[in-house]
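The values are calculated or read from the model by the stated rules, or taken from the named source; none is laboratory data. On a predicted model such as this, the values are computed, not experimentally measured, just so you know. Positions of Cβ are backbone-derived with ideal geometry, glycine not excepted, and every protein chain shown enters the neighbour counts.
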Amino acid sequence: MEPIYLDNAATTPVRAEVRDAMLPFLGGTFGNPSSSHRWGREARAALEEARERAAAALGARPRNVVFTGCGTDSDNIAVLGSWRASHQTDSPVACSAIEHKAVLLAAKSAHAAGAPLILLGVDSDGHIDEGALDEVLAARPVVISVMWGNNEVGAVQPVMQLAERCRADGVAYHTDAVQAFGKVRVRVDETPVDMLALSAHKFGGPKGVGLLYVRDGLGLEPLEFGGGQERRLHPGTENVAGAVALSVAAELAVAEQPAEEVRLAALRDRLEAALRDGIPGLVINSVAPRLPHILNATVPDIDQEALLIALDAEGVAVSVASACQSGAAEPSHVLAAMGRTSETAASIRLSLGHITTETDIDRASEIVPRVVDRVRKAVV
């Protein structure tokens, strides 16, 4: 039987159209965009065309798009770059308690260097309390970072309201939209965010290239130094093939997003219903509003690592913690902030994508409950 890949929140396969678009820049069109000869000019033209196409997919101007190495790069530049640009080490930095580690640890790095750190708490479904924003804004933070949709449980935050409040108070607002882009509508011309992070490999592009949207007039200090490429924010020879790939993947994701959002949500709900019926005691972590492709569930009375291994042996790929945390089954800071952790339970994330079919969902609906029952009985 074909394996079932339900770990699309960790990474997605490169789409054929994306691969075909980037191949020329791994071969004959190999120039350095900073070179002034023909090879360099060809590479520069391709890079700037990619910037225009990526910007259009996001509703941005090309000058506001910075190509980076990944979503982590983008998040770090946004959070630490904002803080450094304030030139006041005691300026507060704020983010939600369930941010991706790229944001959370960047904020903690600023805190270690003297910045007060403000963490916005969440409820048991992973949604922040908009009312708590009053107190946070009163502290005049340099930047507030709250992700568009959570990578572990899928909780979608009120980005529009947060961005509008921050804009009114003159506080920079950054959102990590790595999981949200291509799954829900994400446009910077409709939502007044100041900075926004994307990563190509989450929506059909290759690993190793990301994007940071930076609005006009927002000052950021670089974290690295070199040739001054990408507005000095990501210096070094640009990844032309990666930028081209990201732009094509972004166009495809945006074009398909309305239909995919409906399709993925229906498949997720179908899988959720089957797991609820087939696994006694199952608890779903997060309810609407949530991303359409992520289902996070806690299975009580089971060993987490044993469950992961058993599912892998059956050809089903899932995550038991964020894949960005070294691959080990570590306690989830997201579930801890939501008050949903237990030493005798396993929390698994099943995430759908472009390649997920109804057959995949039907087979997973049969395999996962059967494996859970077997693993539970094995330790009795």
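Each row is one residue, and each column tells you yes or no for (1) in a helix (DSSP H, G or I); (2) in the same structural domain as Ser319 (by TED's automatic domain parsing); (3) at negative phi; (4) of a type outside the set (D, E, K, R).
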site: His234; (1), (2), (3), (4): no, no, yes, yes
site: Ala241; (1), (2), (3), (4): yes, no, yes, yes
site: Arg263; (1), (2), (3), (4): yes, yes, yes, no
site: Val287; (1), (2), (3), (4): no, yes, yes, yes
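Would you point out which residue out of Ser145, Ser96 is buried (at least 18 other Cβ atoms within 10 Å of the Cβ) and within 30 Å of Thr237 (Cβ to Cβ)?
After ruling out the rest, the residue left standing is Ser145.
Give Ala112, Ala85, Ala107, Ala78 a once-over and let me know the one that is in the same structural domain as Glu230 (by TED's automatic domain parsing) and surrounded by fewer than 17 Cβ atoms within 10 Å (Cβ to Cβ).
None of the others qualify; the one that does is Ala112.
Do we find that Gly242 is more than 24 Å from Tyr173 (Cα to Cα) and either among the acidic types (Asp, Glu) or under 18 Å from the mean Cα position of the chain (by Cα) (or both) in this structure? Can you show your working first?
Numbers: more than 24 Å from Tyr173 (Cα to Cα): yes; either among the acidic types (Asp, Glu) or under 18 Å from the mean Cα position of the chain (by Cα) (or both): yes.
Here the answer is yes, as Gly242 does meet what is asked.
Within the bounds of region 266-277, is there any residue that is under 16 Å from Gln179 (Cα atoms) and of a type outside the set (Phe, Trp, Tyr)?
Within region 266-277 (the criterion being under 16 Å from Gln179 (Cα atoms) and of a type outside the set (Phe, Trp, Tyr)), the answer is yes, since at least one residue qualifies.
Can you run down the residue pairs with Cβ atoms below 6 Å, 6 or more apart or on separate chains, where the first is in region 293-314 and without any contact (Cβ under 8 Å) to a residue 60 or more places away in the chain and the partner is in a helix (DSSP H, G or I)?
Close Cβ pairs (under 6 Å, with a partner that is in a helix (DSSP H, G or I)) amount to Glu314/Ile367; Glu314/Val371.
Please determine whether any residue of region 221-230 is assigned to a helix (DSSP H, G or I) and either more than 23 Å from the chain's Cα centre (by Cα) or touching a residue at least 60 places away in the same chain (Cβ under 8 Å) (or both).
yes
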